[in-house]
Amino acid sequence: MDVKLLLNKPDLKNYFNLSVSKAKTYKDCKAKFKFGYIEKLPKKERDYHKFGKFLHEILENFHKEIIAGNELPHNKIMTICYNNALKNWEMTQAQSQEAFQILVKYLKNLTNDKSVCLKAEKEFFIEINEEILLQGFIDKVQRDEDGIIHVVDYKTAKSAKFLEKDFLQLLTYAYALFLEDPSIEKIRASYLMLRHDCSLITREFSVNDMIEIKDIFFNYAQQIKSETEYLPSPSPLCSYCDFVDNCEPGNKFISPDMSFGLDSWGGKG
């Protein structure tokens, strides 16, 4: 299978486009995939989405300033980035205060961190068999004190449970860096849980781990191309789906008939 990392953004019209979120959406619920990526129905703007984007913007700009050589103390740089982001996002007082406390903790952790940030919001394009384009953004790439390259993805989820066994996203990012430098033998990768004292959920990937990615996404592409039914997969996650109002099975799953009419007890209506 021919795989290569493209140095520049290609013409997306020439490829079957994939991303981690697109593949995971298809795996979790084919109906949701259809609503979001084929019919392109509008998504709901939720507060936790805005909050996540707000924090991502601050941390991206903070690290870009440091990479660019800004010599101000870290807390001064963070303050500037925080105030600039407040101009771009409508945050409630509670949200802005929570974000402030998260950033204080983030800075505190940096005081003992000997890693060096190499890239912030690094975009990548991986071409598979000249027909599939796997693309994405890596929140942060750093070199740790022991010399190992470390990819970090910021998460604002309130629960860390669903991430503890789901490393597809990090493995994909690690593979992008491996393609950039095939001499790499191991990559460290972490979800940084911003709402959990900026703790890390970390794994290390070998070359053998990383090279499996191309097959995973090639298979997803083939499945999506041949899909015709796009059947829903109702689950508790339907409560958070942007398209549940367009999906009768999902709507029924989260809104069961709770009437106490005789017919519901097996009697006459």
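The values are calculated or read from the model by the stated rules, or taken from the named source; none is laboratory data. Computed from a prediction, not measured in an experiment: that's the story for all the values here. Here the Cβ is made from the backbone with ideal geometry for all residues, glycine too, and neighbour counts use every protein chain on show. Each accessible area value is taken on the protein alone, full model and side chains, heavy atoms only, with ligands, DNA and RNA left out. Shrake-Rupley method; radii C 1.70, N 1.55, O 1.52, S 1.80 Å.
Within segment 243-254, the residues that satisfy the criterion of being open to solvent by 70 Å² or more (accessible area, probe 1.4 Å) and modelled with pLDDT under 90 are K252, F253.
Could you please let me know if K44 is crowded, with 19+ Cβ neighbours inside 10 Å and either free of Cβ contacts under 8 Å to residues at least 12 places away in the same chain or more than 22 Å from D139 (Cα to Cα) (or both)? For K44, the condition - crowded, with 19+ Cβ neighbours inside 10 Å and either free of Cβ contacts under 8 Å to residues at least 12 places away in the same chain or more than 22 Å from D139 (Cα to Cα) (or both) - is not met. All of D153, D139, D113 fail the test of being free of Cβ contacts under 8 Å to residues at least 12 places away in the same chain and either touching a Gly at 6+ places or on another chain (Cβ under 8 Å) or under 23 Å from I184 (Cα atoms) (or both), apart from D113. For segment 85-119, the set of residues classified as of a type in the set (S, T, N, Q), in a helix (DSSP H, G or I) and open to solvent by less than 70 Å² (accessible area, probe 1.4 Å) consists of Q95, S96, N109, listed by residue number.
Among the residues making up segment 130-152, a single one is open to solvent by 40 Å² or more (accessible area, probe 1.4 Å), in a strand (DSSP E or B) and under 16 Å from K13 (Cα atoms): Q135. Within segment 222-242, the set of residues being at pLDDT below 95 and hydrophobic (A, V, I, L, M, F, W, C) comprises L237, C238, C241.
Considering every residue within segment 69-78, establish whether at least one is closer than 24 Å to F124 by Cβ and either part of a helix (DSSP H, G or I) or not acidic (D, E) (or both). Scanning segment 69-78 turns up no residue that is closer than 24 Å to F124 by Cβ and either part of a helix (DSSP H, G or I) or not acidic (D, E) (or both). Considering only residues in segment 9-22 that are in a loop (DSSP other than H, G, I, E, B), in contact (Cβ under 8 Å) with a residue 12 or more places away in the chain and more than 30 Å from M91 (Cβ to Cβ), the one that is least open to solvent (accessible area, probe 1.4 Å) turns out to be P10. Only one entry of F125, F35 meets the criterion of being in contact (Cβ under 8 Å) with a residue 24 or more places away in the chain and over 21 Å from Y154 (Cα atoms), and that entry is F35. For segment 60-84, a tally of residues being surrounded by fewer than 15 Cβ atoms within 10 Å (Cβ to Cβ), touching a residue at least 12 places away in the same chain (Cβ under 8 Å) and hydrophobic (A, V, I, L, M, F, W, C) returns 1. When the residues of segment 23-41 are filtered to those that are open to solvent by less than 40 Å² (accessible area, probe 1.4 Å) and part of a helix (DSSP H, G or I), the one that is farthest from P234 (Cα to Cα) is A23.
The residue of segment 222-232 that is surrounded by the fewest Cβ atoms within 10 Å (Cβ to Cβ), among those that are of a type in the set (S, T, N, Q) and under 25 Å from T172 (Cα atoms), is S226. Of all residues in segment 211-255, those satisfying the criterion of being acidic (D, E) and either in contact with a strand residue (DSSP E or B) (Cβ under 8 Å, 6 or more places away or on another chain) or assigned to a helix (DSSP H, G or I) (or both) are D215, D245, E248. For segment 207-221, the criterion of a residue being farther than 28 Å from F16 by Cβ, surrounded by fewer than 20 Cβ atoms within 10 Å (Cβ to Cβ) and at pLDDT 95 or above is satisfied by no position.
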